[in-house]
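> Got a structure for you, questions after.
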Amino acid sequence: MKRLTAEDLKARMTTYINTTYRLDVKEATEEEVFYALAAVVNEQVKPLWDKTNERYKSEQTRQVYYLSMEFLIGRLIESNLLNLGMLKEANQALQELGFQAEDVFTVEQDAALGNGGLGRLAACFLDSLASLNYPGHGYGIRYRYGLFEQRIIHGNQVELPDYWLKKPYPWEVRREEEACVVQFQGIVRMHQRRNGSLEINHEHTDKVLAVPYDVPVIGYENETVNTLRLWSAEPVSGAPDNSGDQEEFYHHLDFEHSIEQLSGFLYPDDSSYEGKELRLKQQYFLVSASVQNMIKQFKKNYRLSSKHFPEKIVIQINDTHPSLSIPELMRILMDEEDLGWDEAWEITTRVFAYTNHTTLSEALETWPIAMMQKLLPRIYMIIDEINERFCQGIWFDHKEKRDKIPELAIIADEQVHMARLAIVASFSVNGVANIHTEILKKKEMKEFHELYPERFNNKTNGITHRRWLMQVNPKLTSLIQDIIGDQWVKRPKQLISLLRFQHDKDVLEQFAKVKNENKLALANFIHQQMGITVDDQSIFDVQIKRLHEYKRQLLNVFHIIYLYNELKENPNLDMTPRTFIFGAKAAPSYHLAKEVIKLINTVASIVNYDKDTKGKLKVIFLENYNVSLAEKIIPAAEISEQISTASKEASGTGNMKFMMNGALTMGTMDGANVEIYDLVGEENMFIFGLRAEEVLDYYQHGGYHARDIYNKDDRVRRILDQLNNGEFGTHDIEFKDIYYNILYHNDPYFVLKDFEPYIEAHEYAESVYRDKMKWQRMSLINIAHSGKFSSDRTIQEYVNDIWKINPT
Ligand code: 26V
């Protein structure tokens with residue numbers, strides 16, 4: 001396929017604007033130019049997309065389907081252009097047409113169809129699958145409202161609906177011909193056929209039409225275009241006839257409304273699970289439509305009987321959220337394809353692989369039996385049978401585990417335990433970083449690991465270096481290319497050749513220059529957004545991620561308050577100026593997390609305007625943290641805060657993005673930080689705090705007393721008292737909940753315990769920063785080792801160990 005030059009792009013966009021809007025380019029708005037550019041991109045993509053599909057069909061390739069309730073894809077215009085090899089050309093074309101590329105790109109709404117790490121990982125995986133030429137597709141939900149938009153008003157988080165579809169979304173294609181019906185509720189009748197087999201009739205169900213919208217997933221310069229298929233819920237029979245009974249008419253409208261809710265909004269909670277019926281409906285809606293669609297395509301393209309399904313298809317389930325796909329496949333094989341239980345089970349257990357993303361017990365999904373029975377009667381029957389057979393198997397074949405049945409059973413204490421279902425039915429169960437997988441094997445899933453050791457494996461997360469280095473940091477990208485060429489673009493591990501330049505002062509200075517330019521750009525953005533001037537010579541210290549107690553934004557704030565107190569005491573303190581940057585959304589119902597947001601903003605409002613700290617300390621909370629904001633912040637960061645309570649952060653992926661952009665990690669030995677440490681060594685990052693074993697030991701045996709630290713450490717006492725006595729805040733009860741949580745609930749995330757080592761790690765970091773060359777060398781070493789964290793490596797491991805698919 002011929003790549004378009006800037007001239008071609010200009011010509012095509014001009015034609016589009018002339019014919020579609022009947023305008024001269026000079027009169028066009030940024031919005032019109034954006035749609036013109038997207039149309040040109042789509043023109044390029046269409047034939048590649050068709051060809052890719054034809055290729056998969058004619059070669060009868062084995063395919064992987066990534067099933068996920070979340071795909072946090074953000075904006076696509078730049079990454080589409082990059083992968084088509086036209087980003088530079090598009091920038092030039094826009095400039096020559098008299099537009100600022102950035103203003104045109106920002107017309108696109110962020111598709112925030114995810115909460116955080118889990119959803120963004122799914123998006124990176126799709127990019128890598130396509131870029132490595134693998135037949136792999138995503139199935140998700142086309143939520144009409146994505147993750148809420150966050151405003152900060154008087155320091156508090158306020159949530160606004162994210163109606164991202166108000167303007168047409170140029171990347172999606174509605175595919176009505178692929179629509180299918182998903183059924184809820186109803187009555188299940190069984191009767192025995194003459195041959196003894198059971199016939200299942202599921203009657204009087206509520207029917208919902210699932211209509212797919214396809215989004216192309218473009219591989220990097222390789223002509224592969226895969227598909228992200230997002231389902232939208234619609235009423236089965238078109239518009240209601242309002243000629244008749246008024247009551248009937250409104251009843252119908254009501255019904256339609258409740259149907260459309262199925263793909264109405266993304267649940268904004270990614271930490272504590274609530275057994276909401278609508279969420280269960282969403283999950284079944286996703287999996288039923290997706291599994292039906294897979295079988296339909298399988299039959300059409302491969303003309304094989306369903307027995308061959310596992311040869312051609314593997315389904316990766318992204319956490320337990322899509323795990324109802326397991327009984328759904330069983331249902332279709334038995335009730336629609338007339339297979340017996342054993343055959344259906346044989347097939348099913350060769351198809352599914354499950355990824356776990358958290359060990360937090362609050363996040364483990366269980367559904368009340370009664371809810372599931374009512375909403376999905378047939379699915380519940382199948383789960384019940386899976387459970388019966390599983391428990392019987394333990395009783396007879398694993399006598400030593402008989403007393404563990406209550407912890408193993410899929411159905412126990414009136415609940416259906418989804419992780420247990422997923423483990424029992426999957427041929428692979430993986431964690432997302434070494435330490436996380438080990439904790440699963442030794443703690444959370446110990447009993448299952450003993451039953452099925454061969455199923456458990458690790459797949460350390462990754463990020464696409466195309467978006468998170470090449471797209472977001474063009475200056476660093478071209479500097480790296482000048483120094484080591486561009487082999488690393490296709491083989492990111494080759495970034496390692498940067499190591500040869502670690503003592504080259506000239507090179508290190510060039511890296512410093514790029515970082516400074518990126519810092520300046522962020523400083524300008526902050527000024528334009530908030531009217532606050534930050535010192536571009538200060539250390540940019542960044543923590544951006546969902547707000548959660550275990551991620552310990554609070555520890556970061558305590559450090560800032562500590563510095564503030566020090567400066568108040570001694571305004572002439574010799575200290576390298578710092579800019580602390582935060583971005584974080586709290587789940588709307590997460591009270592304590594919202595208090596921390598308020599605290600950060602309160603501290604900012606004091607610190608930023610105090611004459612004693614002027615020029616030394618700035619605190620910036622950027623509102624509405626999302627993918628696009630991360631793209632602006634990460635290239636400018638110098639310190640990456642990855643300070644979760646050890647054992648709690650399954651992997652983290654932000655840590656990888658920062659490292660790849662040259663920030664140094666300030667972190668605990670948790671998640672993938674441990675693997676960064678294994679690569680760069682303790683001398684090239686700032687590691688502090690309790691280790692996972694120590695934390696787990698405290699949880700198990702006690703022995704930690706937050707109050708002792710409060711009593712002993714003046715710095716800690718001072719800070720907590722400041723929270724409690726109203727020194728920070730407009731009224732004196734403002735931060736009492738934080739105070740109480742630490743002192744009366746014994747600081748469940750060990751903020752006080754890690755406070756001193758954290759302060760010391762920061763003091764050390766500051767001392768290193770004074771030696772510019774040393775800092776730059778550490779930064780370069782981090783970039784050099786970051787290739788491991790490309791999601792291309794992760795995907796290759798999934799392919800080799802789990803999916804066994806071939807590139808085309
Ligand atoms: C959990 C729940 C709980 C029930 C309500 C709805 C909901 C929605 C999402 C989630 C996902 C929580 C798990 C998660 O996001 N884990 C993160 O996964 C990242 C990718 O593997 C990993 O880097 C992070 O460490 C991990 O916290």
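> Quick one: is I369 β-branched (V, I, T), touching a residue at least 12 places away in the same chain (Cβ under 8 Å), farther than 30 Å from K804 by Cα and out of contact with any Cys (no Cβ under 7 Å at 6 or more places or on another chain)?
yes
> Could I ask something else about it? As an exercise: evaluate I326 against (1) modelled with pLDDT under 95; (2) away from the ligand (no atom under 16 Å from the Cβ) and give the number of the one condition it does not meet.
With respect to (1) modelled with pLDDT under 95; (2) away from the ligand (no atom under 16 Å from the Cβ), I326 is out only on (1).
> List the number of the failed condition for L230; all other conditions in (1) part of a helix (DSSP H, G or I); (2) of a type in the set (A, V, I, L, M); (3) out of contact with any Cys (no Cβ under 9 Å at 6 or more places or on another chain); (4) at pLDDT 95 or above hold.
(1)
> Tell me the residue from L664, L679, L617 that is touching a His at 6+ places or on another chain (Cβ under 6 Å) and either closer than 18 Å to K585 by Cβ or not β-branched (V, I, T) (or both), please. Talk me through it step by step, then tell me what you get.
Numbers: L664 fails: touching a His at 6+ places or on another chain (Cβ under 6 Å); L617 fails: touching a His at 6+ places or on another chain (Cβ under 6 Å).
Selected residue: L679, the only one of L664, L679, L617 that is touching a His at 6+ places or on another chain (Cβ under 6 Å) and either closer than 18 Å to K585 by Cβ or not β-branched (V, I, T) (or both).
> Can you tell me which of S786, S779 is crowded, with 21+ Cβ neighbours inside 10 Å, under 25 Å from K515 (Cα atoms) and touching an Asp or Glu at 6+ places or on another chain (Cβ under 9 Å)?
Working: S786 fails: touching an Asp or Glu at 6+ places or on another chain (Cβ under 9 Å).
S779 is the lone residue from the list that is crowded, with 21+ Cβ neighbours inside 10 Å, under 25 Å from K515 (Cα atoms) and touching an Asp or Glu at 6+ places or on another chain (Cβ under 9 Å).
> I would also like to ask the following. Scan the helices (runs of 4 or more DSSP H) fully inside region 424-531 and keep the ones with 3 or more residues being more than 16 Å from the ligand (Cβ to nearest atom) and buried (at least 16 other Cβ atoms within 10 Å of the Cβ).
Values: elements: 434-439, 446-451, 474-484, 487-490, 505-530.
Of the helices (runs of 4 or more DSSP H) lying wholly inside region 424-531, those with at least 3 residues that are more than 16 Å from the ligand (Cβ to nearest atom) and buried (at least 16 other Cβ atoms within 10 Å of the Cβ) span 446-451, 474-484, 505-530.
> Among the residues of region 247-283 satisfying the criterion of being within 11 Å of the ligand (Cβ to nearest atom) and of a type in the set (D, E, K, R), which is nearest to P212 (Cα to Cα)?
Among them, the one singled out is R279.
> Also, I was wondering about something else. If you scan region 664-696, which residues turn out to be of a type in the set (S, T, N, Q), more than 18 Å from L752 (Cα to Cα) and within 16 Å of the ligand (Cβ to nearest atom)?
To start, the set of residues in region 664-696 that are of a type in the set (S, T, N, Q) comprises 665, 668, 673, 684.
From what is left, the residues that are more than 18 Å from L752 (Cα to Cα) are 665, 673, 684.
Result: T665, N673.
> Another question, if that's okay. Applying the selection to region 144-178, what residues are closer than 21 Å to H257 by Cα, surrounded by fewer than 18 Cβ atoms within 10 Å (Cβ to Cβ) and of a type outside the set (A, V, I, L, M, F, W, C)? Quick ask: steps written out before the conclusion?
Taking region 144-178 as the starting set, the residues that turn out to be closer than 21 Å to H257 by Cα are 144-148, 160-166, 174, 176.
When the remaining residues are screened for being surrounded by fewer than 18 Cβ atoms within 10 Å (Cβ to Cβ), the result is 160-161, 163, 165-166, 174, 176.
The answer is P161, Y163, K166, R174, E176.
> May I pose another question? State whether the residues of region 351-360 include one that is at pLDDT 95 or above and either of a type in the set (D, E) or within 22 Å of I200 (Cα to Cα) (or both).
Taking every residue of region 351-360 in turn, none turns out to be at pLDDT 95 or above and either of a type in the set (D, E) or within 22 Å of I200 (Cα to Cα) (or both).
> Could you tell me whether any residue of region 268-280 is among the acidic types (D, E), surrounded by 15 or more Cβ atoms within 10 Å (Cβ to Cβ) and over 29 Å from M371 (Cα atoms)? Break it down into steps so the answer makes sense when it comes.
First, pick out the residues of region 268-280 that are among the acidic types (D, E): 269-270, 274, 277.
Then keep just the ones that are surrounded by 15 or more Cβ atoms within 10 Å (Cβ to Cβ); that gives 269-270.
Pick out the ones that are also over 29 Å from M371 (Cα atoms) and you get none.
So far as region 268-280 goes, no, none of its residues is among the acidic types (D, E), surrounded by 15 or more Cβ atoms within 10 Å (Cβ to Cβ) and over 29 Å from M371 (Cα atoms).
> Would you pick out the residues in region 656-679 that are within 19 Å of V768 (Cβ to Cβ) and buried (at least 20 other Cβ atoms within 10 Å of the Cβ)?
First pass over region 656-679, keeping only residues within 19 Å of V768 (Cβ to Cβ): 658-659, 661-668, 673, 676-677, 679.
Result: F658, M659, N661, G662, A663, L664, T665, M666, G667, T668, N673, I676.
> Now, a different point. Does region 105-122 hold any residues that are of a type in the set (A, V, I, L, M, F, W, C) and either away from the ligand (no atom under 16 Å from the Cβ) or modelled with pLDDT under 95 (or both), and which are they?
F105, V107, A111
> Which of the numbered conditions does N661 fail, given that it passes all the others? Conditions: (1) within 23 Å of L440 (Cα to Cα); (2) more than 16 Å from the ligand (Cβ to nearest atom).
(1)
> Just checking, which of S68, S79, S131 is within 27 Å of F309 (Cα to Cα), more than 16 Å from the ligand (Cβ to nearest atom) and either of a type outside the set (V, I, T) or buried (at least 21 other Cβ atoms within 10 Å of the Cβ) (or both)?
Values: S68 fails: more than 16 Å from the ligand (Cβ to nearest atom); S79 fails: within 27 Å of F309 (Cα to Cα).
The conditions single out S131.
> If you don't mind, another one. Mind checking which pairs have a first residue in region 208-233 that is free of Cβ contacts under 8 Å to residues at least 60 places away in the same chain and more than 14 Å from F71 (Cβ to Cβ) and a second that is outside any strand (DSSP E or B) and not hydroxyl-bearing (S, T, Y), Cβ under 7 Å, 6 or more apart or different chains?
If the second residue must be outside any strand (DSSP E or B) and not hydroxyl-bearing (S, T, Y), the pairs left are L209/A179; L209/V236; V211/E176; V211/A179; A233/I259; A233/E260; A233/L262; A233/F285.
> Restricting to region 159-186, and then to whatever is charged (D, E, K, R) and in a strand (DSSP E or B), can you tell me which residue is nearest to E31 (Cα to Cα)?
Keep residues of region 159-186 that are charged (D, E, K, R), which gives 159, 162, 166-167, 172, 174-178.
Now narrow it down to the ones that are in a strand (DSSP E or B): 159, 162, 174.
Numbers: E159: 26, D162: 19, R174: 22 Å.
Per the stated criteria, the residue is D162.
> Turning to a different aspect of this structure: Among the listed residues D319, D413, identify the single one that is modelled with pLDDT of 95 or more, within 21 Å of M445 (Cα to Cα) and within 16 Å of the ligand (Cβ to nearest atom).
Only one candidate qualifies: D319.
> Kindly indicate the residue of region 328-383 that is crowded, with 18+ Cβ neighbours inside 10 Å and of a type in the set (K, R) and also farthest from V429 (Cα to Cα) among those meeting that condition.
Per the stated criteria, the residue is R378.
> Also, quick follow-up: State all residues of region 656-712 that are free of Cβ contacts under 8 Å to residues at least 12 places away in the same chain and in a loop (DSSP other than H, G, I, E, B); if no residue qualifies, say none.
Scanning region 656-712 gives G681, G702, G703.
> Tally the residues that are surrounded by fewer than 24 Cβ atoms within 10 Å (Cβ to Cβ) and touching a strand residue (DSSP E or B) at 6+ places or on another chain (Cβ under 6 Å), restricting the search to region 640-652.
0
> Then there's this: Are any residues in region 21-42 aliphatic (A, V, I, L, M) and in a loop (DSSP other than H, G, I, E, B), and if so, which ones? I'd like the intermediate steps shown before the answer.
Here is the first cut: in region 21-42, the ones aliphatic (A, V, I, L, M) are 23, 25, 28, 33, 36-41.
Across region 21-42, the qualifying residues are L23, A28.
The values are calculated or read from the model by the stated rules, or taken from the named source; none is laboratory data. Every value quoted in this text rests on a predicted model; they were computed, and no experiment measured them. Cβ: placed from backbone, ideal geometry, glycine included. Neighbour counts: every protein chain shown.
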